[in-house]
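J.: I'd like to ask you about the structure that follows.
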Ligand SMILES: [Mg+2]
């Protein structure tokens, strides 16, 4: 594997053959749980339907109303048993198709415990893999190669993997991942912040929609990876 600074010269002029490597977080970056959390929490009488259909709003509401334990268990249930009801954020599938057609290599590098902290022992990695298999597909088959998908129990392992794969770009919804001390210097950081929850952070590009990731990366492709 050539270092990034050399790899950019392998992007042939006038063709779409590239060697860009893009790493993606999974939970709350590729997958939106807002509607499934709302549906399940209402069905179980944990929230009033008037609480906004947002994972963060539901979490905050349940914490405020003394339902922290129920919130913990609800997460295991949603990420395990109800994973099939979660949806991809708008623009994810289109982005992955663009990546495949542009010969951009995409990796999913996720930090996710295998089993929930509370409640029944659903295999959360298996649930996530099944979701990827059924959701991140088109008529041409899987949009991400199975070998390019990894789930790690710890944040440090996840961040090491971003470095080991020499990702040119990494997209995550959590600033603490992108600003972690071990985060590789050579990887551009994109914060996916659809609800504009975070204040601007130095050195981090913040975007609210997947189509913005696509246009950001297209600019990098045009300029070469050093763009
Ligand atoms: Mg995430």
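The values are calculated or read from the model by the stated rules, or taken from the named source; none is laboratory data. Everything numeric in this text was worked out from a predicted model, so none of it was measured. Ideal geometry is used to build each Cβ from the backbone, glycine not excepted, and the neighbour counts take in all protein chains shown.
J.: Among the residues of the range 109-131, how many are surrounded by fewer than 20 Cβ atoms within 10 Å (Cβ to Cβ) and touching a residue at least 60 places away in the same chain (Cβ under 8 Å)?
T.: Within the range 109-131, residues that are surrounded by fewer than 20 Cβ atoms within 10 Å (Cβ to Cβ) and touching a residue at least 60 places away in the same chain (Cβ under 8 Å) number 1.
J.: When residues of the range 27-74 are filtered for being within 24 Å of the chain's Cα centre (by Cα) and at positive phi, how many remain?
T.: Number satisfying all stated conditions: 1.
J.: From the list 175, 200, exactly one residue is surrounded by fewer than 15 Cβ atoms within 10 Å (Cβ to Cβ) and either assigned by TED's automatic domain parsing to the domain that holds residue 132 or in contact (Cβ under 8 Å) with a residue 12 or more places away in the chain (or both). Which is it?
T.: 200
J.: Pick from the range 190-217 the residues that are touching a strand residue (DSSP E or B) at 6+ places or on another chain (Cβ under 7 Å) and part of a helix (DSSP H, G or I): which of them is nearest to the ligand (Cβ to nearest atom)?
T.: Only one residue fits best here, namely 213.
J.: Need the failing condition index for residue 32 against (1) surrounded by 18 or more Cβ atoms within 10 Å (Cβ to Cβ); (2) within 16 Å of the ligand (Cβ to nearest atom); (3) modelled with pLDDT under 95, just the number.
T.: (3)
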